[in-house]
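See structure below.
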Amino acid sequence: MQHEEKVIIIDFGSQVTQLIARRIREAGVYSEIHPCTSDPAAIKALNPKALVLSGGPSSVHDVGAPPLPKEYLTWGLPILGICYGMQILAHTLDGEVTRSQDREYGRAEFEAVGASPLFDGVPGKENLTVWMSHGDHVGKLPTGFSRMGKTGSLENAAMCDPVRKIYAVQFHPEVAHTDQGERILANFLFKVAGCRPNWTMASFVDSSIKIMSDQVGEGKVVLGLSGGIDSTVAAVLLHRAIGKRLYCIFVDNGLLRMGEREEVIGFLEEHFELNVKCVDARREFLDKLKGVEDPEQKRKIIGYTFIEVFDREAKAIEGVEYLAQGTLYPDVIESVSFKGPSAVIKSHHNVGGLPEKMNLKLVEPLRELFKDEVRKVAYELGMPENIIWRQPFPGPGLAIRILGEVTDARLEILRQADRIVQHELVASDWYRKVWQGFAVLLPLKTVGVMGDDRTYEHVIALRIVDSLDAMTADWSRLPTEILARMSNRIINEVKGVNRVVLDISSKPPSTIEWE
Ligand code: XMP
């Protein structure tokens, strides 16, 4: 998509680089993240309005520390350096970066010094609580720079050269723990770089509809609807662009929650008049899962079977040339890692391999958006809250919440228990406060008593977690009355269950799903 103005973030590998992009976009300015190893000519070709240099784990003195290409300093662009971004600026110019023995991590009291547009009008700028995470610090400012702020332990906690419009802070304005961080970033965008706040989801909807209709022309597009917000928003947007030439396929794999199929499809057909084909592939999936207990094998079988079914259905639509996917921006950012690849804990979450196998051209309407922006687009498109705030549901569905073999009988037990958990979360107003809440069926039976009789039946575990991005999670501290109601209802209403337990583990070391 063509953007009138964009701010480019040069990523030096910080854990929170994505937050910088999100904060800048929240201020109404489009921003993109590019790795610090990018070719400066390619960055220049993007015609940025300003550059932000992110933090990163290295010390500028380390062998192999990522350098700052000097070109960036010669284009006359406004620059904001954050943490490592500040140090690499000082190091590349003629300042000095001093090594420290200890890392300073956490909150610090910051005092803005002198007048600078960065802290202009920032309330309480003489005493801001800011978030720091650094070892080294700038010992000597480069020529032309003056000090913009200090803390109790840092003489130069912020610096600027107003003539060249280069500003830098040692703290992280992008994180929520920094007071007035949004205001400080906004000052850089609007007072230093002269950006205009024209990135809105309404403008995104208008321009993406135009772009997609230009891209697809008179062609036909096929899209796999999962019921999640990403594929649903992608479908509604595309439908606006090309109408009935969008063919949505919803595969019922037999591993869905109770009522899910009707809820997803009914709503899309009724309110958006989407062309949706529901494929009943329940038997096909369940037959292939017969006797399978290993979680990774389950995931693989479900993944391959989905591709087979989808491919077959797509081929049945005459003349389809395009495949639409709900890929989001975090999936396309090239990540900068100085620590090597991380281990595979669970095989890839999303259906891989579809485009290669199907030989279709890709349409990815949400490729530029963060998840919170997708939600805003959904509001813009008039989608209802229950779709917008739907909790994530894994592609392999209930199969990875039934430990051991997946059978019709076990699916039925889990569906009923899960429906109670969903219902109680909504009824108590906790549904949107937690990241995910669901039931898991354990592969064991325990003894209980019902009336005068001994029972020997299944155990359900409740997994309810808080999280921001599913990378880490903690078990939700739900009021005990709600847990009690869930437990009572499951034991009383779900035949075959006589015990409910609560999962109180965090991620890491546990994961959210049990398989
Ligand atoms: P874990 O269990 O890895 O889950 O802590 C993190 C998040 O990802 C979801 N999840 C999946 N989503 N296909 C998906 O589409 C999968 O195979 C899958 N496995 C886990 C999980 O629900 C949680 O939100």
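Please treat every number below as a calculation from the coordinates, not as lab data. Please read all numbers here as calculations on a predicted model, not as lab measurements. For neighbour counting, all protein chains shown are included, and Cβ atoms are generated from backbone atoms with ideal geometry for every residue, glycine included.
What the table shows:
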quantity	calculated
From phi via Karplus (6.51, -1.76, 1.60), per-residue ³J(HN,Hα) for region 364-376 in Hz, x at Gly/Pro	10, x, 9, 4, 9, 10, 7, 3, 5, 6, 4, 4, 5
Those lysines that a straight Cα-Cα span of less than 23 Å connects to residue 376, excepting residues fewer than 8 apart in one chain	6, 210, 433
Qualifying aspartates and glutamates (Cα of each under 12 Å from Cα of residue 290; at least 8 residues distant if same chain)	405, 408
Estimated 222 nm signal from helices in the chain, with DSSP H stretches of n ≥ 4 weighted -39500 (n - 2.57), rounded to 500	-9500 deg cm²/dmol
Test item: Cα-centred dipole of region 407-502, Lys/Arg +1 and Asp/Glu -1 on Cβ, debye	60
Shape call, region 7-192: gyration tensor on alpha carbons, a/c limit 1.5	rounded
For residue 501, distant residues with modelled amide H under 5 Å away	460, 461, 462
10 Å Cβ shell holding at most 13 others, DSSP loop, chymotrypsin sites (Phe, Trp or Tyr not before Pro): longest site-free stretch of the chain	76-337
Unit Cα scatterers, Debye sum, the chain: log10 I(q)/I(0) for q = 0.11, 0.12 Å⁻¹	-1.05, -1.16
Pairs of lysine residues in region 7-192 - Cα separation under 15 Å, sequence separation of 8 or more or cross-chain	6
Lys, Arg +1 and Asp, Glu -1 on Cβ, resulting dipole of region 7-192 about Cα centre, debye, nearest 20	380
Selection from 327, 123, 460, by position along the positive dipole direction of the chain (Cβ)	123
Global form of region 421-462, assessed from the alpha-carbon gyration tensor, a/c cut-off 1.5	oblate
³J(HN,Hα), Karplus 6.51/-1.76/1.60, whole Hz, each residue of region 31-45, x for Gly, Pro	9, 10, 9, 10, x, 5, 8, 5, 6, x, 5, 5, 5, 4, 5
Cross-link reach list, aspartates and glutamates versus residue 277, counting only Cα pairs under 13 Å and skipping chain neighbours closer than eight places	252, 262, 269, 313
Dipole of region 154-288 [Lys/Arg +1, Asp/Glu -1 at C-beta], most positive-end residue of 250, 222, 272	222
